[in-house]
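A.B. asks: My structure is below; once you've seen it, I'll send some questions.
The values are calculated or read from the model by the stated rules, or taken from the named source; none is laboratory data. Note that the structure is a prediction, hence the values are computed from the model and not measured. Cβ: placed from backbone, ideal geometry, glycine included. Neighbour counts: every protein chain shown. Each accessible area value is taken on the protein alone, full model and side chains, heavy atoms only, with ligands, DNA and RNA left out. Shrake-Rupley method; radii C 1.70, N 1.55, O 1.52, S 1.80 Å.
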Amino acid sequence: MTLSTIIEGQTKLVVPDTGKDIGPASKAKIFYNPAMRSNRDITVLFGKAVAKPGWNVLDALGGTGAKGIRLANEIDADLEIQINDLSEDAFQTIKKNIKANKLKNASASNMEFNALLSNSGYEWIEIDPFGSPVKFVDLAVRRTSKGGIMSITATDTAPLCGAKPETCQRRYLARPMKSGCCHEFGLRILVGNTVRRAAVHDYGLEPVLAYYHGHYFRAFFRKKKGARTANASLENIGYVQWDKKKGYSVHESQPKEDYVGPLWTGNLCDSAIVKRMLKHWDESLTKESQKILQNLDSEISQPPYHYHMDEVASLFESPPQKTDSLVDELRKKGFEASGVHYNRKGFRTNAGLTQIKKLFKKR
Ligand SMILES: C[S@@+](CC[C@H](N)C(=O)[O-])C[C@H]1O[C@@H](n2cnc3c(N)ncnc32)[C@H](O)[C@@H]1O
């Protein structure tokens, strides 16, 4: 396999020339996905906004080390970054990347995740697996220090968004829903399951930044200690039900039919963190990363669902409206309303379907 050196952000990265041969089925021995650059840019911005000097950070499933190397190179705070990967080839590449950037604050390790975390702890544990992070979460949450961060990526969109409901049930103990809101429901199932896994170990988790983009889900959690904080987190676990006359509604217990969940019904972002991240954005990062954060910043956080313009228009047997205009009209009528960070045709509002229908212009 040939390696080449590229620049991402302000960092030199030695990566494999894989072309389109990426993902879990890839024949490449080392994993690097250029389409995940927005994920890495946002992780760097998150680190700039949240990480404290002296933090020990573990990039537990590092691949080439792209994410950990960038954290070590691009964040001024005095962080110690350990980048780990089970694969010997990945480990050698991580070492090349540390050398290429002359990093004194980064180290490489070549261990199986469970073995590594059996007796070490960190202020921030980053988990970026192939597919689902579910099998890494229990140990990672236990090994993250109180007040620290655990961050996860999930790319198993088919189960989480309802194309493979049995897999979603097995993996996340939750029922997904195929609808215009399926990606938000997928994100909330992922967050809800992670919070429930932490609660098993008497830890509360607060999602401080969670979003969906393109082909991946991403969530950063702050860890709290004590069964009471776990109970408080669990108060945000519930269900969303669909009714074609009334629209979506939130429930504490499991409805009989047409529901999705259990899922996270609380807020997905700490807006102060998003604002701080936006202040740190600079031209070395992708416009895409800035756009994702700007959209998150302008999005209201509740209710825990949104409507999709085409879906609602077809239900009303009416032509789709301009999403921005409908959001304005809803606000003028005194409802809360905003767009949705990942879908231009999505709108979030506390208005019900009957009230939304009244604002739809006739043909
Ligand atoms: C999706 S890749 C990581 C991508 C990387 N974070 C990036 O931004 O490019 C997942 C990596 O996890 C490693 N891995 C899978 N299972 C592991 C385990 N049980 N312990 C340690 N590493 C593992 C794989 O070798 C692979 O390199």
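A.B. asks: Gain in length, LYS246 to ASN119, computed as 0.36 nm per residue apart minus the alpha-carbon separation, to one decimal in nm?
C.D. replies: Gain on extension, LYS246 to ASN119, equals 40.5 nm.
A.B. asks: Rg and Dmax of the range 27-146, Cα atoms, in Å?
C.D. replies: 13.3, 39
A.B. asks: Follow-up. Any chance you could look up the accessible area of ASP258 with a 1.4 Å probe, heavy atoms only, rounded to 10 Å²?
C.D. replies: 80
A.B. asks: Which value, to two decimals, describes the C-alpha radius of gyration of the range 3-298 once divided by 2.2 N^0.38 Å?
C.D. replies: Rg over 2.2 N^0.38 Å, computed on Cα atoms: 0.98.
A.B. asks: Now a separate question. Can you tell me the 0 to 90 degree angle between the C-alpha axis of helix 37-50 and the longest principal axis of the chain, rounded to 10?
C.D. replies: It works out to around 80 degrees.
A.B. asks: Quick one: helix 287-298 against the long Cα principal axis of the chain, what's the angle to the nearest 10°, folded into 0 to 90?
C.D. replies: It is inclined by approximately 40 degrees.
A.B. asks: Still on this structure, please answer the following. Using the charge dipole of the chain (Lys, Arg: +1 at Cβ; Asp, Glu: -1 at Cβ; taken about the Cα centre), state which of ASN56, GLY121, HIS201 has its Cα farthest towards the positive end.
C.D. replies: Value: HIS201.
A.B. asks: Out of LEU61, LEU315, LEU13, any idea which swings most in a Gaussian network model of the chain, alpha carbons joined below 10 Å?
C.D. replies: LEU315
A.B. asks: On the accessible surface of the range 3-298, probed at 1.4 Å, how many percent belong to carbon and sulfur atoms?
C.D. replies: Using a 1.4 Å probe with all protein chains present, the range 3-298 comes out at 49 percent carbon and sulfur.
A.B. asks: Report the Stokes-Einstein translational diffusion coefficient (µm² s⁻¹, integer) for the range 225-363, Rh taken as the Kirkwood radius over Cα pairs, at 25 °C with viscosity 0.890 mPa s.
C.D. replies: Roughly 145 µm²/s, to the nearest whole number.
A.B. asks: Given springs between every Cα pair under 10 Å in a Gaussian network model of the chain, which of ILE189, ILE69, ILE292 has the largest fluctuation?
C.D. replies: ILE292
A.B. asks: Do any GluC sites (Glu not before Pro) in the range 286-339 lie in a loop, going by DSSP, with at most 12 other beta-carbon atoms within 10 Å of their beta carbon, and if so which?
C.D. replies: GLU317
A.B. asks: To the nearest 20 Debye, how big is the dipole of the chain about its Cα centre, given +1 on the beta carbon of each Lys and Arg and -1 on that of each Asp and Glu?
C.D. replies: The dipole of the chain has a size of about 660 debye.
A.B. asks: Taking C-beta distances below 4.7 angstrom as the pairing criterion, name the unpartnered cysteines of the chain, in sequence order.
C.D. replies: CYS168, CYS181, CYS269
A.B. asks: Then there is this: Among the lysines, select those whose C-alpha is under 24 Å from the C-alpha of LYS224, and discard any that sit fewer than 8 residues away in the same chain.
C.D. replies: Of all the lysines, those that pass the test against LYS224 - Cα under 24 Å, at least 8 places apart if same chain - are LYS48, LYS52, LYS135, LYS146, LYS275.
A.B. asks: Please report the carbon-and-sulfur percent of the accessible area for the range 307-358; probe 1.4 Å, protein heavy atoms only, DNA, RNA and ligands left out.
C.D. replies: The value for the range 307-358 is 44 percent carbon and sulfur by accessible area.
A.B. asks: For the pair ASP282 and LYS12, how long in nm is the line joining their label points, each one 7 Å along Cα→Cβ?
C.D. replies: The two pseudo-label positions are separated by 1.9 nm.
A.B. asks: Measure off 7 Å from each Cα along the Cα-to-Cβ vector at LEU234 and THR2, then give the distance between these two points in nanometres to one decimal.
C.D. replies: 5.7
A.B. asks: Moving on to the next point. P(r) of the range 307-358 in 5 Å steps, Cα pairs, percent per bin?
C.D. replies: The distribution over the range 307-358 is 4, 22, 36, 27, 10, 1, given as percents.
A.B. asks: Of SER151, PRO176, PHE220, which is farthest towards the positive pole of the range 61-220's charge dipole, taken about the Cα centre with +1 and -1 on the beta-carbons of Lys, Arg and Asp, Glu respectively?
C.D. replies: PRO176
A.B. asks: Continuing with this model, one more query. Any chance you could list P(r) for the range 44-111, counting all Cα-Cα pairs in 5 angstrom bins from zero, rounded to whole %?
C.D. replies: Answer for the range 44-111: a P(r) of 4, 22, 32, 23, 14, 5, 0 percent.
A.B. asks: Right, another one. Given a 1.4 angstrom probe, what's the average accessible area per residue across the chain, in square angstrom?
C.D. replies: Computed with neighbouring chains in place, this is 46 Å² per residue.
A.B. asks: Mind giving me the FRET efficiency for SER109 and LYS52? R0 is 22 Å, r the Cβ-Cβ distance, nearest 0.05 is fine.
C.D. replies: Taking R0 as 22 Å, the efficiency between SER109 and LYS52 is 0.45.
A.B. asks: Continuing with this model, one more query. Reachable aspartates and glutamates from LYS322, Cα under 16 Å, same-chain residues fewer than 8 places away excluded?
C.D. replies: Those aspartates and glutamates meeting the cut-off are ASP310, GLU311.
A.B. asks: Follow-up. Using only Cα atoms and rounding to the nearest 10 degrees, what angle (0 to 90) does helix 182-200 make with the longest principal axis of the chain?
C.D. replies: Once rounded, the angle reads 60 degrees.
A.B. asks: Is there a quick way to get the dipole size of the range 307-358? I mean about its Cα centre, with the Cβ of Lys and Arg at +1 and of Asp and Glu at -1; what is the value in debye to the nearest 20?
C.D. replies: It works out to roughly 140 debye.
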